[in-house]
Amino acid sequence: MYLHIGQNVVVPSSSIVGIFDMDTVTLSKHTRAFLSALEKAGRLIPLFDDLPKACVHCVENGESIVYISQLSTATLLRRSGLTLGE
């Protein structure tokens with residue numbers, strides 16, 4: 001199964017490690033350092049025209065990739081067809 005995460009980008013559901021709210025994910029200095037390292041490596045991919053609302057952490061071919069989306073975590077969860085706790 002695939003998940004549409006915005007801007008005509010779809011990712012395999014099996015590659016998704018987590019979907020995180022941008023308002024809370026950037027509070028931790030460790031998370032900011034992780035995102036900064038991914039940005040320097042070219043593996044932080046912005047998919048938004050407006051304000052970023054969520055980040056989708058994927059592992060593809062053994063490497064972490066983070067997509068920054070303008071879709072909310074609730075919208076992405078609904079699109080995935082999963083419920084919390086699955």
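The values are calculated or read from the model by the stated rules, or taken from the named source; none is laboratory data. All figures in this text were calculated on a predicted structure; none of them were measured in a lab. As a convention, Cβ positions derive from the backbone with ideal geometry for all residues, glycine included, and neighbour counts pool all protein chains shown. The area values use the complete protein model at the heavy-atom level, side chains included, leaving out ligands, DNA and RNA. Shrake-Rupley method; radii C 1.70, N 1.55, O 1.52, S 1.80 Å.
A few notes on this one:
- For the range 43-68, filtered to residues that are small (Gly, Ala, Ser) and open to solvent by less than 60 Å² (accessible area, probe 1.4 Å), the residue that is nearest to the chain's Cα centre (by Cα) is 54.
- The residue of the range 53-86 that is farthest from residue 35 (Cα to Cα), among those that are at pLDDT below 95 and touching a helix residue (DSSP H, G or I) at 6+ places or on another chain (Cβ under 7 Å), is 80.
- Among (1) under 13 Å from residue 5 (Cβ atoms); (2) surrounded by 16 or more Cβ atoms within 10 Å (Cβ to Cβ), the one test that residue 18 misses: (2)
- Per the conditions (1) touching a residue at least 40 places away in the same chain (Cβ under 8 Å); (2) in contact with a helix residue (DSSP H, G or I) (Cβ under 7 Å, 6 or more places away or on another chain), the sole criterion not satisfied by residue 44 is (1).
- Applying the criterion of being assigned to a loop (DSSP other than H, G, I, E, B) and free of Cβ contacts under 8 Å to residues at least 60 places away in the same chain to the residues of the range 69-84, the residue that is least open to solvent (accessible area, probe 1.4 Å) is 72.
- Taken over the range 2-46, the residue count meeting the criterion of being more than 17 Å from residue 59 (Cα to Cα) and of a type in the set (A, V, I, L, M) is 4.
- Qualifying residue in the range 5-24 (condition: at pLDDT below 95, of a type in the set (Val, Ile, Thr) and out of contact with any strand residue (DSSP E or B) (no Cβ under 9 Å at 6 or more places or on another chain)): yes
- For beta carbons closer than 7 Å, sequence separation of 6+ or different chains, a first residue in the range 1-18 that is polar (S, T, N, Q) and a second that is open to solvent by 80 Å² or more (accessible area, probe 1.4 Å), the qualifying pairs are 13/1; 13/2.
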